[in-house]
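The values are calculated or read from the model by the stated rules, or taken from the named source; none is laboratory data. Model, not experiment: these values are computed from the prediction. Here the Cβ is made from the backbone with ideal geometry for all residues, glycine too, and neighbour counts use every protein chain on show. The area values use the complete protein model at the heavy-atom level, side chains included, leaving out ligands, DNA and RNA. Shrake-Rupley method; radii C 1.70, N 1.55, O 1.52, S 1.80 Å.
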Amino acid sequence: MGKKFAGQMDKEKAAAVEQRAYRFEGFPSQGQAHLLSQFIGSARFLWNRMLADWKDSYKETGQSAPIRTPASYKGEPDLAWLKGMDSLALANVQQNFQRAVKEFFSGEKGCPRFKKKHACPDAYTTNLSNRDKPNLRLSGCLLKLPKIKEPVRLRVHRKIREGGLLKNCTVTREPDGRWYFSLLFEYPKQEIPKKTAGKGPEAWEAIGLDMSLPELYVDSDGNTPAYPKPYRKLERKIAREQRKLSRMEKDSRNYTKQLKKIAKLHAKAKHQRADFLHKLSYRLVTHYDIICIEDLDMSAIKKALSFGKSASDNGWGMFVRMLTYKAEWYGSILIKAGKFFPSSKACCACGHIHKELKLSDRVYVCPACGHVMGRDHQAAVNIRNEGVRIYIAAHSHVA
């Protein structure tokens, strides 16, 4: 059996525990921020050095050579400074690089790339190394990190579930200069009963969601959320600030200040979007037993008909990810209708497939029975009915 790195566990243990992450904004002092920046830089440096050595070896031998450990690099005279960095962060770099190489050879992903400063996320991950004498712990709003003497103050804006063990922390410096700390806690696994248990189909609270670009979605009740469209609201201001940037001398002091100003606007849109989607997904999974959506190819939608900005601002992919894990937490069931399910073209009253329906037709008029309904509303009703059908079929098969 190969050596295990920080954060890895065997399958039996993984089946007995569950993990939850909490992300809080942090306010490190100037000295703490300097150390955190060094740890981020050392992680990026080690990744690039491992990648360069691996590529050189592969070119020479035509085979994937064993990946060197951080300890072997620390032994080199010109890299002795790595000894002062967070060793657990460097171990995670090795683990991530090994995974990237494995995914490359399996065809899951492309070849690993070099990480350029200011062009890749500024982040590193550190781990708990000793449960009895924890080098990583959270006391109230104070976070103790390895290699940093004084704890970092966090804004703990939500309650953390009790009984968990803090396993690792990912430290991120966003382009706007803010620091964020993602804390991963491990808990004994709890079996959450499904909300449909003990109920008949007539008692299920089910809803269908049809993605809509003007809004986030239209549901099977005909309602739409008051989506704030954060990027679209700031788009003109961002464009104005970018025009100012284009007239400045590159890498000058004013240029750097303007970059940060633009980054703050993008961060504002991102945080508004995430905040809205978190709250909305929570309301859905706590209210409904079954949530039905379409299995959409978002990358294709972004390329089609110049929907790139609208689809990205919509945040549907992020919304689906939130629904997926929150449904597991609260016992709801998330069902995806097939990609080729004719949700828009099928009449929810008689089942006729209106093959001549165009994208510009926003009202569905059934040529067979004369049923009239909003296109997106009807699609949501069809998605809900299809999702319930899929669940009943799967449930009866298991039974």
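Looking at I192, I160, I148 in this structure, which one is open to solvent by less than 100 Å² (accessible area, probe 1.4 Å), outside any strand (DSSP E or B) and touching a Gly at 6+ places or on another chain (Cβ under 7 Å)? Show your work before the answer.
On the way: I160 fails: touching a Gly at 6+ places or on another chain (Cβ under 7 Å); I148 fails: touching a Gly at 6+ places or on another chain (Cβ under 7 Å).
Unique residue meeting the criteria: I192.
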Candidate set: the range 167-178, residues that are in a strand (DSSP E or B) and touching a helix residue (DSSP H, G or I) at 6+ places or on another chain (Cβ under 7 Å); chosen: the one farthest from N127 (Cα to Cα):
R173
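Could you tell me whether G198 is of a type outside the set (S, T, N, Q), part of a loop (DSSP other than H, G, I, E, B) and in contact with a His (Cβ under 8 Å, 6 or more places away or on another chain)? Steps first, please.
On the way: of a type outside the set (S, T, N, Q): yes; part of a loop (DSSP other than H, G, I, E, B): yes; in contact with a His (Cβ under 8 Å, 6 or more places away or on another chain): no.
No; evaluated as a whole, the condition is false for this residue.
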If I go through the range 29-66 residue by residue, how many of them are within 13 Å of N92 (Cα to Cα) and among the β-branched types (V, I, T)?
1
How do the pairs read when you match residues in the range 369-395 that are over 10 Å from C347 (Cα atoms) with residues anywhere that are aromatic (F, W, Y) and open to solvent by 40 Å² or more (accessible area, probe 1.4 Å), using Cβ under 9 Å and keeping only pairs 6 or more apart or on different chains?
I383/F341; E386/F341
Report, by residue number, each residue of the range 116-134 that is more than 20 Å from A33 (Cβ to Cβ) and in contact (Cβ under 8 Å) with a residue 24 or more places away in the chain.
N127, L128, S129, R131, P134
Test for R161: is it of a type in the set (K, R) and out of contact with any Phe, Trp or Tyr (no Cβ under 8 Å at 6 or more places or on another chain):
no
Go through the residues of the range 57-64 one by one and say whether even a single one is among the polar types (S, T, N, Q), surrounded by 13 or more Cβ atoms within 10 Å (Cβ to Cβ) and modelled with pLDDT under 95.
yes
Of everything in the range 314-333, what is farther than 24 Å from P188 by Cβ and not in a helix (DSSP H, G or I)? Give them in sequence order.
G315
Hits in the range 88-106 - residues which are open to solvent by 60 Å² or more (accessible area, probe 1.4 Å) and either within 24 Å of K167 (Cβ to Cβ) or free of Cβ contacts under 8 Å to residues at least 12 places away in the same chain (or both)
N96, Q98, R99, K102, F104, S106
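Those residues that are part of a loop (DSSP other than H, G, I, E, B) and surrounded by 18 or more Cβ atoms within 10 Å (Cβ to Cβ), I need them from the range 109-145; list them, please. Let's see the steps before the verdict.
Let us first name the residues in the range 109-145 that are part of a loop (DSSP other than H, G, I, E, B), namely 109-121, 128-136, 140-141, 145.
P112, L128, L136, L145, listed by residue number.
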Of all residues in the range 317-366, how many are touching a residue at least 24 places away in the same chain (Cβ under 8 Å), basic (K, R) and surrounded by 16 or more Cβ atoms within 10 Å (Cβ to Cβ)?
2
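Is it true that some residue in the range 201-220 is touching a helix residue (DSSP H, G or I) at 6+ places or on another chain (Cβ under 9 Å), charged (D, E, K, R) and either open to solvent by less than 40 Å² (accessible area, probe 1.4 Å) or within 30 Å of L259 (Cα to Cα) (or both)?
The first filter runs over the range 201-220 and keeps only residues touching a helix residue (DSSP H, G or I) at 6+ places or on another chain (Cβ under 9 Å), leaving 201, 204-220.
Checking the rest, the ones that are also charged (D, E, K, R) come to 205, 210, 215, 219.
After this cut, where a residue has to be either open to solvent by less than 40 Å² (accessible area, probe 1.4 Å) or within 30 Å of L259 (Cα to Cα) (or both) as well, the list is 210, 219.
Looking for residues that are touching a helix residue (DSSP H, G or I) at 6+ places or on another chain (Cβ under 9 Å), charged (D, E, K, R) and either open to solvent by less than 40 Å² (accessible area, probe 1.4 Å) or within 30 Å of L259 (Cα to Cα) (or both), one finds at least one in the range 201-220, hence yes.
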